[in-house]
Amino acid sequence: MGAIARRSSMALFSGVTCHYSHRVRIVLAEKSVPVELIEVNGNNAPQELADLNPYNSVPTLADRDLALYESKIIMEYLDERFPHPPLLPVYPVARGETRQLLYRIERDWCPALDALLASAAPKEAEQLRRNLRDSLLAIAPIFAEKPFFMSEEFSLIDCCMAPILWRLRLVGIELPETKQSRPLLNYMERLFARASFKASLSAHERDMVNARAA
């Protein structure tokens, strides 16, 4: 691995539609961290990204002579480097539970969303939509108990959930307006109304709320 060029300011190489980049942007906005945002769209990645990240992927965070390029690692680094407001619990047990929930989101929902965003074959896409919608509706009642994902406080889990939920309509998933779904719909409204969420949106992402899959 070659030496990383030292930067005088923090920079985030961010995909304009990438939900993994979006979650990092929410963390940055939540903590009001000044950052140089370098948007990467398709194959227009600058050479500096390849120099920093052997996978040439987004998101990639450059902070002086440090380069990080996995979204959860970036989010936890930012939470430790800028501790207010905290987005991970203080106590080890609660922190472990949060990390376990983040792992489940990565295993259960992110692959389905990734496949749908990559334009899966029609038959596969319909099954993925059904599974993702049903899985989200199955947990809807938990949002009646606390304002955020199993928590009284906004956390890294919500930073990961918001970009997924924002993209549902884009991939052709409509959540029904029912008694069962209402707590989840209310949760979505709370997330999307946050100043940090609004500040995190790229121009492409602002248009997603009105987009529908073909």
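Could you run the Karplus curve 6.51 cos²θ - 1.76 cosθ + 1.60 with θ = phi - 60° over the stretch 19-30 and give me ³J(HN,Hα) per residue in whole Hz, x for Gly and Pro?
Values, residue by residue: 6, 6, 5, 4, 4, 5, 4, 5, 4, 4, 5, 4 Hz.
What net charge do the residues around residue 40 carry, taking every other residue with its C-beta under 15 Å from that of residue 40, with Lys and Arg at +1 and Asp and Glu at -1? All intermediate terms of the calculation are to be shown ahead of the outcome.
Values: positive: 25; negative: 36, 39, 48, 51, 205.
Here the count lands on -4.
Rg and Dmax in Å for the stretch 92-210, alpha carbons only: what are they?
Here Rg and the maximum Cα pair distance are 14.3, 44 Å.
HN-Hα J couplings of the stretch 187-194 from phi, Karplus 6.51/-1.76/1.60, θ = phi - 60°, integer Hz, Gly and Pro as x?
4, 4, 4, 5, 4, 6, 7, 5
Hey, in the GNM for the chain with a 10 angstrom Cα cutoff, which one of 82, 149, 13 fluctuates hardest?
Per the Cα network of the chain with a 10 Å cutoff, 82 tops the list.
Around residue 73, what is the net charge, scoring Lys/Arg as +1 and Asp/Glu as -1 over all other residues with Cβ under 14 Å from its Cβ?
Values: positive: 23, 72, 81, 99; negative: 63, 70, 76, 79, 80, 106.
Net of charged neighbours comes to -2.
Semi-axes of the equivalent ellipsoid for the stretch 24-63, please: Cα gyration tensor eigenvalues, times 5, square-rooted, ordered largest first, whole Å. Show your work: numbers first, answer last.
On the way: eigenvalues 86, 22, 15 Å².
Result for the stretch 24-63: semi-axes of 21, 11, 9 Å.
Check each of the GluC sites (Glu not before Pro) in the stretch 102-179 and keep only those in coil by DSSP with at most 14 other C-beta atoms within 10 angstrom; list them in order.
On the way: sites: 106, 124, 126, 145, 152, 153, 174, 177; in loops: 145, 152, 153, 174, 177.
Answer in residue order: 145, 152, 153, 174, 177.
Using 10 Å bins from zero, what percent of all Cα-Cα pairs in the stretch 11-81 falls into each bin?
The percentages, shortest bin first, are 22, 61, 17, 0.
In deg cm²/dmol and to the nearest 500, what is the mean residue ellipticity at 222 nm of the chain if only DSSP H runs of at least 4 residues count, each as -39500 (n - 2.57), divided by the residue total? Intermediate results must be reported in sequence, preceding the final value.
Details: 10 runs with 105 residues, N = 214.
The helix contribution divided over the chain gives -14500 deg cm²/dmol.
Please compute the contact order of the stretch 101-182 in relative form: average sequence separation of alpha-carbon pairs under 8 Å and at least six residues apart, divided by the residue count, as a percent.
Values: 48 pairs, mean separation 28.6, N = 82.
So the answer I get is 35 percent.
Build a GNM of the chain with springs between Cα atoms under 10 Å: which of 64, 182, 25 gets the top mean-square fluctuation?
Of 64, 182, 25, the Gaussian network model singles out 64 as fluctuating most.
Provide the percentage of antiparallel DSSP beta bridges, counting only those with both residues in the chain; round to the nearest 5. Walk me through the numbers on the way to the answer.
Working: 7 of 12 bridges.
DSSP beta bridges in the chain are roughly 60 percent antiparallel.
Determine the relative contact order of the chain: mean sequence separation of Cα pairs under 8 Å and six or more apart, normalised by residue count, in whole percent.
Details: 269 pairs, mean separation 50.0, N = 214.
Over the chain, the number comes to 23 percent.
For the chain, what mean projected area does the convex hull of the alpha carbons give, in nm²?
Numbers: hull surface 49.9 nm².
Computed as one quarter of the Cα hull surface, the answer is 12.5 nm².
Every read-out reported here was derived from the displayed coordinates using simple, explicitly stated rules and does not represent laboratory data. Since this is a predicted model, take the numbers as computed values, not measurements. When we count neighbours, we look across all protein chains shown, and the Cβ atoms used for this are built from the backbone with ideal geometry, even at glycine.
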